[in-house]
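*Asks:* Pasting a structure here, questions to come.
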Amino acid sequence: MFTRFRIGFLLVTFLFCFSGSSFGQQALPYARSVIDTLSAPGMHGRGYVAGGHIKAAQYIAAEFKKHKLKSFGNGYFQEFPISVNTFPDDVALKAGDKVLEPGKDFLVSPCSQSISGRYEVMPLSAAAIKDPQLLLSSLQEARDKVLLIDKTGFSSASKEDRQRLEDVLAFLRGFKNNPAVAVIVLTDEKLTWHVAQQPCERPQLIVNKAAAPANFRFAELEIESKFIPALTTQNVAGLLPGKDPGKGLVVFSAHYDHLGRLGSNTFFPGANDNASGVAMLLSLAKYFSQPQHQPDHDILFIAFGAEEAGLLGSQYFVENPLVPLENIRFLMNLDITGTGEEGIKVVNGSVFREHFELLQSLNQEHELLKQVSPRGEACNSDHCPFYEKGVPSFFIYTLGGIQAYHDVYDRSETLPLTAFENLHRLLVEFTKKLELIY
């Protein structure tokens with residue numbers, strides 16, 4: 001009798017503690033599986049090679065359906081056209097006698113066109129970069145050669161000279177009559193890649209100086225690019241009806257696209273940017289879709305496409321809204337939520353003070369994050385097109401931890417998700433209390 005009573009008491013105690021302490025922990029295993037899936041090689045970096053953007057969107061749509069969100073037709077997809085420059089095939093560089101590894105030793109400027117061959121390398125002096133006349137005369141000597149620019153020599157230069165270097169690099173990419181076939185830029189900065197909507201006139205390669213042999217005289221280049229002038233991609237949107245739709249609409253958003261592939265053997269996983277934000281989006285959808293957690297107001301969940309190409313998905317949405325923008329009481333955009341040792345930053349936190357003070361007070365009440373820090377306006381993620389249309393909005397991202405960003409090292413296995421469960425809880429509590437500000 002005593003043993004049976006004690007077991008029952010311990011079981012009830014365990015269940016009570018588990019239901020309280022695991023508020024966010026219940027989200028963590030699911031979030032990890034989402035990040036693992038979206039950043040796996042089979043997603044091809046969620047870009048525009050091998051249909052990576054479509055595979056990612058289909059996965060998110062299937063999760064929306066699993067959580068019983070309502071679609072707006074077309075299987076949760078809102079399609080729109082973009083143009084994009086891609087690298088589906090060979091990307092290789094041999095500097096002197098050394099073969100360099102794409103992604104780790106070098107990157108190709110995302111606007112680069114195809115090139116193939118072995119070329120003499122011609123260094124371009126710092127003096128030529130600073131003097132327009134000397135630059136033009138130097139270019140005449142660079143016909144059918146690869147220009148070599150050592151960017152590390154400008155690390156301690158004046159602000160004006162550093163800007164002059166960037167202007168020259170842009171000029172060399174875009175100058176149609178540039179007699180050089182390509183440009184190699186040596187750098188000691190972190191290799192960071194992007195997406196280009198249009199091709200440029202001349203290829204540029206950014207090379208880690210420490211990986212390149214000293215004073216190499218020849219370079220073998222193999223770059224196969226493909227410009228796609230009209231590609232159909234998509235946003236993924238699902239609606240969770242609330243108990244009282246008259247109370248308005250709350251939006252959670254996160255972009256799912258990333259940088260894709262650089263050749264057939266190199267891809268950019270994008271675990272933190274932004275598989276982590278999608279994981280938070282889906283975790284919130286899963287939570288609020290449970291009957292016991294159904295909110296009073298409607299919640300719209302949007303996974304945006306083509307953010308990395310210039311906020312194209314969110315811009316298309318505000319120009320072709322699936323819901324009236326004036327019905328949106330508040331939007332929370334989630335981009336890079338995989339760390340959090342130092343808390344979170346809230347873009348527009350200093351704009352929407354009442355909302356920010358609610359968020360901050362809830363964090364203090366529940367002792368969740370190290371800090372909730374405000375920031376002013378910044379058009380640096382998908383909240384921006386909404387904010388410009390007058391929609392109250394935050395863009396939330398985590399602080400501290402690993403620094404992998406727009407590179408091949410942003411992988412799921414090294415993403416700590418340090419504050420994920422606490423940020424999840426904070427967003428839930430904030431959503432429940434939003435009506436206090438209405």
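The values are calculated or read from the model by the stated rules, or taken from the named source; none is laboratory data. Values in this document were obtained by computation on a predicted structure and should not be read as measured data. Heads up, the Cβs are rebuilt from the backbone with ideal geometry, glycines too, and the neighbour counts pull from every protein chain shown. Note: areas computed on protein heavy atoms with side chains; ligands, DNA, RNA excluded. Shrake-Rupley method; radii C 1.70, N 1.55, O 1.52, S 1.80 Å.
*Asks:* According to a simple spin-label model (label point 7 Å from Cα along Cα-to-Cβ), what is the distance in nm between Lys370 and Glu220?
*Replies:* Inter-label distance under the simple model: 4.8 nm.
*Asks:* For an R0 of 51 angstrom, estimate the FRET efficiency from the Cβ-Cβ distance between Ala170 and Gln290 and round to the nearest 0.05. Each step should come with its number before you reach the end.
*Replies:* Working: r = 51 Å, r/R0 = 1.01.
That gives a FRET efficiency of 0.50.
*Asks:* Only residues of the range 414-431 count here: report those whose backbone N is under 19 Å from the spot 7 Å along Cα→Cβ of Asp244, or say none.
*Replies:* Flagged as within label range: 429-431.
*Asks:* Please report the carbon-and-sulfur percent of the accessible area for the range 289-429; probe 1.4 Å, protein heavy atoms only, DNA, RNA and ligands left out.
*Replies:* Details: 2330 of 5360 Å².
About 44 percent, which is the carbon plus sulfur part of the accessible surface.
*Asks:* What Kirkwood Rh does the range 324-411 have if only Cα atoms enter the pairwise 1/r average? Answer in Å.
*Replies:* Values: mean 1/r = 0.0722 Å⁻¹.
Its Kirkwood hydrodynamic radius stands at 13.9 Å.
*Asks:* In Å, the Kirkwood hydrodynamic radius of the range 126-247 over pairs of distinct alpha carbons? Please report the intermediate quantities before stating the final value.
*Replies:* On the way: mean 1/r = 0.0571 Å⁻¹.
Its Kirkwood hydrodynamic radius stands at 17.5 Å.
*Asks:* How much length is gained if the chain between Gln133 and Asp89 is pulled fully straight, taking 0.36 nm per residue apart and subtracting their Cα-Cα distance, in nm to one decimal? All intermediate terms of the calculation are to be shown ahead of the outcome.
*Replies:* Numbers: separation 44, 0.36 × 44 = 15.84 nm, distance 3.83 nm.
Gain on extension, Gln133 to Asp89, equals 12.0 nm.
*Asks:* Amide H neighbours of Phe80 under 5 Å, counting only residues 5+ apart in sequence or on other chains, H built in-plane at 1.01 Å?
*Replies:* Thr233, Gln234, Asn235
*Asks:* Sticking with this structure for a sec: Under the definition of Cα pairs under 8 Å and six or more residues apart, what whole-number percent is the relative contact order of the range 311-430?
*Replies:* Details: 186 pairs, mean separation 48.8, N = 120.
Averaging sequence separation for qualifying contacts and normalising by length gives 41 percent for the range 311-430.
*Asks:* For Gly246, what charge total do you get from the other residues with a beta carbon under 15 Å from its beta carbon, if Lys and Arg give +1 and Asp and Glu give -1?
*Replies:* On the way: positive: Lys243, Lys247, Arg329; negative: Asp244, Asp296, Asp298, Glu326, Glu435.
After counting each charged neighbour, the total is -2.
*Asks:* For a label point 7 Å from the Cα of Ala230 along Cα→C-beta, name the residues of the range 74-104 whose backbone N is under 17 Å from it.
*Replies:* 79-85
*Asks:* Could you work out the helix-only [θ] at 222 nm for the chain, with each DSSP H run of four or more residues adding -39,500 (n - 2.57) and the total divided by the number of residues, to the nearest 500 deg cm²/dmol?
*Replies:* Details: 11 runs with 132 residues, N = 438.
Helices in the chain give a 222 nm mean residue ellipticity of -9500 deg cm²/dmol.
*Asks:* Which order do the peptides 293-303, 127-137, 89-99 come out in when sorted by mean C-beta neighbours inside 10 angstrom, highest first? Walk me through the intermediate numbers first.
*Replies:* Values: 293-303: 21.3, 127-137: 14.1, 89-99: 16.2.
With the highest mean Cβ count within 10 Å placed first, the list reads 293-303, 89-99, 127-137.
*Asks:* What FRET efficiency comes out for Glu342 versus Glu319 if R0 is 41 angstrom and r is the Cβ-Cβ distance? Round to the nearest 0.05.
*Replies:* On the way: r = 36 Å, r/R0 = 0.88.
The pair Glu342/Glu319 has a calculated efficiency of 0.70.
*Asks:* Same structure again: Just one of (i) 18, 31, 21, 14, 8, 5, 3, 1, 0; (ii) 24, 48, 23, 4, 0; (iii) 25, 58, 17, 0 is P(r) over Cα pairs in 20 Å bins from 0, in percent as worked out from the coordinates here. Which one is it?
*Replies:* Correct label is (ii).
*Asks:* Nearest 0.05, what FRET efficiency do Ser350 and Asn177 give at R0 = 60 Å with Cβ-Cβ as r?
*Replies:* Efficiency, from the Cβ-Cβ distance: 0.80.
*Asks:* To continue, here is another question. Using amide H atoms built in the peptide plane, which far-off residues or other-chain residues are under 5 Å from Val346 H to H?
*Replies:* Residues meeting the amide H criterion: Ser373, Arg375.
*Asks:* Quick check on my link table: of Lys389/Lys432; Lys151/Lys190; Lys145/Lys209; Lys286/Lys370; Lys94/Lys190, which ones sit more than 23 Å apart, alpha carbon to alpha carbon? Don't skip to the end; give the middle numbers.
*Replies:* Working: Lys389/Lys432 25 Å; Lys151/Lys190 12 Å; Lys145/Lys209 20 Å; Lys286/Lys370 26 Å; Lys94/Lys190 20 Å.
Correct reply: Lys389/Lys432; Lys286/Lys370.
*Asks:* Quick check: pseudo-label points 7 Å beyond the Cα along Cα→Cβ at Tyr405 and Ala210, how many nm apart are they?
*Replies:* 2.0
*Asks:* Suppose all protein chains stay in the model; what accessible area per residue would a 1.4 Å probe give for the chain, in Å²?
*Replies:* On the way: 19000 Å² over 438 residues.
Here the residues of the chain average 43 Å² of exposed surface.
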